[in-house]
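Step one of this worksheet: look at the structure below.
The values are calculated or read from the model by the stated rules, or taken from the named source; none is laboratory data. These numbers were taken from a predicted model, which means no experiment stands behind them. Heads up, the Cβs are rebuilt from the backbone with ideal geometry, glycines too, and the neighbour counts pull from every protein chain shown. These area figures cover heavy atoms from the full protein model, side chains too; ligands, DNA and RNA do not enter into them. Shrake-Rupley method; radii C 1.70, N 1.55, O 1.52, S 1.80 Å.
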Amino acid sequence: MIRAEIVKLYKTVHTWIGVSCGLALFIAFYAGALTMFQEPIARWASPPAVGVEAVSLEDAPRLLELVAAAYPEAREEGITLHLRGHENEPARVTWVEDEPHEAGQPHGHVHWWATLKPDGSLMAKQEEPSDLAEFINDVHMRIGIPNPWGSYFMGVVSLLYGVTLIAGVIVLLPSLAKDFLELRIGKNLKRMWLDAHNVVGITALPFHLVIAVTATAWGFGVPLWSAQESVIFGGKQKIAMAHDLERWRAPPPTGEAGAMMPPSQLLQRLNAQVPDFEPKVMVFRNFGDKAAAAKFAGAERGYVGDTRFGGVILSAVTGTLIKDNRASRQDLDRRVGTVILALHTGEYGGITIIWAYFFLGFSGAWLFYSGNLLWIETRRKKARKEGEVEQSRSTRLLGSATVGICLGCVAGLSLTIVAAKWLHGRVADLDAWHAYIYYAVFLGSITWAFAWGAARSAVHLTWLCAAFTVAIPLTTLLAWAFPMLGMWAHGSAATVGVDIVAFIGALCFAWVATATAWRVKNGPADSVWSIRKAEGRTAARQSVAIAAE
Amino acid sequence: MAGGIRPDWWSKASAGAILGLGLALSLVGLYAYLGPGGINAPGGRYSLMRHLEAFVWIMVFGFCFLFRSGRAAWAWLGAANLIAFAALFACRFYFFA
């Protein structure tokens, strides 16, 4: 049995870490839930393009030859042949080139796509794809703090998050048998919120532990890497890494010309030699060379994890298997590593798990929000016992910060998604605008929350979230009804799904806003969620409060 | 334990953060040498190790508040670090040098 003093000790640990890291974790979890549908969001945000279907797989050899002849850099960097026909694949063939730069210096990249004109000649265009999905992922990983400090910061937060999970379980264990899954709905609101916090936390505990461990490993990825090399490997890690890279690398060009096997035939050869592999794209390296290779990225049926690094490589001349790093051929360490990665990203078990992770992400965000709320309310109870009738300054400030940061993140992400359609073609650097819009809404909401206090601003900002989120499907509807606006409405299930989910989300925000508005007016006056002032002492305290703000 | 537990927040937390990381690196380092294939094993071990380190680090940090005092935390975890690092460096510089 766990002694009461240990429980008390860990309650303090749980509370303090929760309150100090909860807001960063809210952003990471909310944005992380959205990244579960990173690909549908990328497809939703991609303007109509020529499309993959414009060039059939049978005509692809001609397109590849023309690109390879006209763009020698593409031959070297790799020409990607798309197989799926998603909206974020602008054409059958795309490639990436380096921006002009000095050798060895960091540099940007430019994206190209190419298709065949009706007369069979080449049409190539440089066009930057939407970075919206990557931006959401950046917010998820570093909550908007630039690298590497954002990574280190989230490493610290994730480490403490792991500690607070352990602390939370220790606090809960003694009463687990008695209270578990018992949701005491009733007059005691705080008791009910605590029960809900416990149920959500303990049922999703395996998920949270995996997230805490992997996020700590990634946040401190670079320092841990260096520490491993200097303390453990003594230089051997570099060799192991080079060995890995070699296994994923296409063979070097010979300089002799070779006849390329058509993509459709290469796919047949792939299917014959690696039957359970489902390719998403194929990348040609050194097209036209005798040592040309076709790298396939995709997943193996029955195994967890994508092979992002071009796991399976065929000779583009003969179609024979050159390198085989698919899941079932990986060593045990990499297999375990891949599974752990997939446990974080939800890339196992198909669409069911994706949806489960989507809701787990939201439930996590809710845990941090409700945790802060519980802390504030507990402080209120303590204060009331001591004769105070109003919230202390620290609880009011934490209330405002909670409302401003959480709702600012939600509203900012929604509006920046909407901007993908409205600003496309109207601004020079849309990717930069995604960031400007997010930070403007985020910082604006925080300011608003401190200016108006938690109670009032919670109502305003939840309505703002609802408005910006409903703007996602409304934009699509407008684009569909008024094509002259220059926007687009894709019809695929994935992109319509984005609109539907956003619509349902907006309804939820509207409901929360109504409920909050009710509580603000009718709830207990000494709560941070009330705009009513406690009776008596009001005038004097009010002026103090205003001065304090 | 009759004397009860002292909170000792800062000394316990620093022991968990610093010595937890040390224990993580040294124990996972032992796995790198003694695991199947040894330190020269080709494959993804170096990549998996970061996750194992994060796990050990979180566990040590999480449970370090159970020590009776900050001094006890530093003493026990320090001793564990000494042993684990001695074993790791024995592997690195002597047995598998």
Evaluate the range A:162-177: report whether one residue or more is out of contact with any helix residue (DSSP H, G or I) (no Cβ under 9 Å at 6 or more places or on another chain) and either in a helix (DSSP H, G or I) or modelled with pLDDT of 90 or more (or both).
yes
Output the strands (runs of 3 or more DSSP E) that fall wholly within the range A:89-137 and possess 1 or more residues being open to solvent by 70 Å² or more (accessible area, probe 1.4 Å), or say none.
A:109-116, A:122-126
I'd like the residue in the range A:228-253 that is aliphatic (A, V, I, L, M) and more than 9 Å from chain B (Cβ to nearest Cβ) and, out of all such residues, is least open to solvent (accessible area, probe 1.4 Å).
A:250
Look at the range A:333-344 and say how many of its residues are more than 9 Å from chain B (Cβ to nearest Cβ) and without any contact (Cβ under 8 Å) to a residue 40 or more places away in the chain.
2
In a helix (DSSP H, G or I) and open to solvent by 30 Å² or more (accessible area, probe 1.4 Å), is that true of residue A:65?
yes
Number of positions in the range A:348-357 that are open to solvent by 40 Å² or more (accessible area, probe 1.4 Å), closer than 19 Å to residue A:498 by Cα and not aliphatic (A, V, I, L, M)
3
Anything in the range A:315-329 that is surrounded by 17 or more Cβ atoms within 10 Å (Cβ to Cβ) and among the small types (Gly, Ala, Ser)? List them, or say none.
A:315, A:316, A:319, A:327
Pairs needed: first member in the range A:1-27, of a type outside the set (Phe, Trp, Tyr) and open to solvent by less than 60 Å² (accessible area, probe 1.4 Å); second member anywhere, modelled with pLDDT under 90 and assigned to a loop (DSSP other than H, G, I, E, B); C-beta distance under 7 Å; at least 6 residues apart or different chains.
A:6/B:5; A:9/B:5; A:9/B:7
Answer with yes or no whether residue A:104 is without any contact (Cβ under 8 Å) to a residue 60 or more places away in the chain, touching a helix residue (DSSP H, G or I) at 6+ places or on another chain (Cβ under 8 Å) and not β-branched (Val, Ile, Thr).
no
Here is a check on your reading of the model: is residue A:401 of a type in the set (A, V, I, L, M), surrounded by fewer than 16 Cβ atoms within 10 Å (Cβ to Cβ) and more than 14 Å from every other protein chain (Cβ to nearest Cβ)?
no
